[in-house]
Structure formats: structure tokens, C-alpha cells
Amino acid sequence: MTGPTVCAMALLVDDPARLAARARALLCSVWHEKRGAGERDIPAIRAPDGMLLHLVQAGAAPIWQDDFHLLPTPPGAVLGVDHVAQALSPELIEGFALFYRAVLGLAADAPWELPDPFGIVRSRAWVSADGAVRLPLNVSESSRTGTGRFVSAYAGAGVHHIAFAVRDAAAAVAGMAGAPLLEIAENYYEDLGARLDLDEAGLEALRAHHLLYDQDGSGAGFRHAYTLPFEERFFFEFVERDTGYAGFGAANAGARMAAQRRGARR
């Protein structure tokens, strides 16, 4: 047993059959589940690590409408998946890059070097043209970083964390009664106020909900919070993006990784 694990993902695509045919032409494995009466045909392709990527027809009725009664979305609720981050061993990065570019048509974002307390994590996101799909890939030469420990536990690759998009990050966090949130060090907020010239009221609003904050050159902001890792490796993130902000809060990665290491020692 590997504990909390993501074994498959699904992507909305305009023509699942065409994408499956492209994947097959590029020598990728294509998978079809057995279908029962009334069930949809949802083809899947295998990523380089073997994980299934299901191809769901865009524009059709959502597949979950067949099995659930959908309720109105309350304030602060999850709106969808903002990004899915994967941890890889260094030898897999080129294969994933080729797969995302040639098969899925994603483009590479700017690379980042993220400071973990036990080494550097190199990160690069692969993003669709409309920004709806964001898939960061993280690698580390050190087996002691959070990424390195994850790779060791999963013997190669896997989903490191899932970030959910929310309308209001503070409301979303406040509504998660009992959720084990990652506690951020006080000096983070002191440094943040000095770096971005935020007033004390703004800092207190972030501090009260364990939120981290970043903004780009235009002033567009990004508020996000994390759960504690499950079994010290897999975790969730909740993000609120201002229109125009395209990053992932990389400036906060050092504070997040240090907080995760402190939490792991408790």
C-alpha cells in the first residue's frame, strides 16, 4: 500500500477520439475501460509514469450529473482544479516534457528553482493555451527534499499535490472546520509586508487564515493556503487568483517548504 495516491486524471478535450489517435500514432498506450449499460466511452492515454489521463468530451453534460444531484456553489467553495503538481525523478523529466508538448499540446512556463531546507527543487509548469490546464513538474537531485522523499516513497513519480481554485481563499479556509492547515511562520508576514509594502490590516487578514500571498508586476494577487501533508508527502492547496495572475506563488515556496519540515518534526 502506498497511502494517499492519485492514480488517474481527466482532461476536457474537444475531440477525445482524435487525441487518442494522435497519442497512438506517437506510440503512447491508449486504454479503454469496459462499459456497462448506459455508461459513456471515456478513452484514456498513459503518461510516461503509467498514470491514466482520461479524455472527456468538452461541451457534453458533465459526467457526474449522471450519478449526483448538483447543489449551488456556496461562497468560498471549490470552483475546480487550478493545477496538479507532480514530483519526478530527474531521469523522467525529458520524457514528460516531450509527452506534454507533443501529445497534449501544452507549452512550457518559465523554470523556477525553489529552496527546500534540504536542497533545490527545480520546477517548470506545462500550461494549455487558455490557461485552463496547469501541470507543474518538480524534480530534485536530493533525496532529502520534500520532492525527493516523495519520489523515493513512490519509486519514481506521482502527483505531489492538488491545488483547488476558490472564489475567496479566506472564506474557503474558514469553512474547512477541523482541516489540518499548514501553519506559516510569523517572520513570513513581516518579510511579506516589507517586500510588497502591505499594511498591517492586510497582513493580519492573511495571518488569521494561514494564507500566503504573491503578486505580479501589474499588482494582480495570488492568495493560497495548504493542508498539512498526508503521510508527510501528499497535500492539498487552495488558491484564489486575481484576473491576470498567471504564476504559482513561487516566491512563497521556501516559506511553505520550511513550514512543512517544521510540521513533520512535531
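Key figures
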{"read-out": "Unique match (being outside any strand (DSSP E or B) and on the phi > 0 side of the Ramachandran plot) among 193, 178", "value": "178"}
{"read-out": "Test set (1) assigned by TED's automatic domain parsing to the domain that holds residue 137; (2) without any contact (Cβ under 8 Å) to a residue 24 or more places away in the chain - residue 27 fails condition number", "value": "(1)"}
{"read-out": "Subset tally (residues that are modelled with pLDDT under 90 and farther than 16 Å from residue 114 by Cβ) for the stretch 234-266", "value": "6"}
{"read-out": "Odd one out for residue 70 among (1) under 28 Å from residue 224 (Cα atoms); (2) hydrophobic (A, V, I, L, M, F, W, C); (3) without any contact (Cβ under 8 Å) to a residue 12 or more places away in the chain; (4) assigned by TED's automatic domain parsing to the domain that holds residue 260", "value": "(4)"}
{"read-out": "Only listed residue being of a type in the set (S, T, N, Q), modelled with pLDDT of 95 or more and out of contact with any helix residue (DSSP H, G or I) (no Cβ under 8 Å at 6 or more places or on another chain), chosen from 152, 128", "value": "128"}
{"read-out": "Residue identified as surrounded by 13 or more Cβ atoms within 10 Å (Cβ to Cβ), among the polar types (S, T, N, Q) and closer than 28 Å to residue 237 by Cβ among 86, 65", "value": "86"}
{"read-out": "Filter result for residue 181 (under 19 Å from residue 256 (Cβ atoms), surrounded by 13 or more Cβ atoms within 10 Å (Cβ to Cβ) and modelled with pLDDT of 95 or more)", "value": "no"}
{"read-out": "Test: residue in the stretch 231-242 that is surrounded by fewer than 18 Cβ atoms within 10 Å (Cβ to Cβ), more than 16 Å from residue 180 (Cβ to Cβ) and not polar (S, T, N, Q)", "value": "yes"}
{"read-out": "Residue list for the stretch 75-94, filter: more than 16 Å from residue 53 (Cβ to Cβ) and in contact (Cβ under 8 Å) with a residue 60 or more places away in the chain", "value": "75, 76, 77, 78, 79, 80, 82, 87, 89"}
{"read-out": "Count of the stretch 203-249 residues which are of a type in the set (Ser, Thr, Tyr) and in a strand (DSSP E or B)", "value": "3"}
{"read-out": "Every pair of residues 6+ apart whose Cβ atoms lie under 7 Å, when the first sits in the stretch 95-109 and is closer than 21 Å to residue 17 by Cβ while the second is aromatic (Phe, Trp, Tyr)", "value": "100/126; 106/100; 106/126"}
{"read-out": "Check on residue 129, free of Cβ contacts under 8 Å to residues at least 40 places away in the same chain and among the small types (Gly, Ala, Ser)", "value": "yes"}
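One line per residue, one yes/no per condition, for (1) under 23 Å from residue 246 (Cα atoms); (2) surrounded by fewer than 20 Cβ atoms within 10 Å (Cβ to Cβ); (3) more than 19 Å from the chain's Cα centre (by Cα):
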site: 119; (1), (2), (3): no, yes, yes
site: 122; (1), (2), (3): yes, yes, no
site: 127; (1), (2), (3): yes, yes, no
site: 133; (1), (2), (3): yes, no, no
site: 142; (1), (2), (3): no, yes, yes
site: 163; (1), (2), (3): yes, no, no
site: 201; (1), (2), (3): no, yes, yes
site: 212; (1), (2), (3): yes, no, no
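Okay, residues lined up against (1) in a helix (DSSP H, G or I); (2) farther than 22 Å from residue 231 by Cα; (3) in the same structural domain as residue 258 (by TED's automatic domain parsing); (4) in contact with a Pro (Cβ under 9 Å, 6 or more places away or on another chain):
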residue: 113; (1), (2), (3), (4): no, yes, yes, no
residue: 121; (1), (2), (3), (4): no, no, yes, yes
residue: 125; (1), (2), (3), (4): no, yes, yes, yes
residue: 130; (1), (2), (3), (4): no, yes, yes, no
residue: 136; (1), (2), (3), (4): no, no, yes, no
residue: 141; (1), (2), (3), (4): no, no, yes, yes
residue: 147; (1), (2), (3), (4): yes, no, yes, no
residue: 152; (1), (2), (3), (4): yes, no, yes, no
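The values are calculated or read from the model by the stated rules, or taken from the named source; none is laboratory data. The structure presented is a predicted model; accordingly, all values stated were derived computationally and were not measured. Note that we place each Cβ from the backbone using ideal geometry, even for glycine, and neighbour counts take in every protein chain shown.
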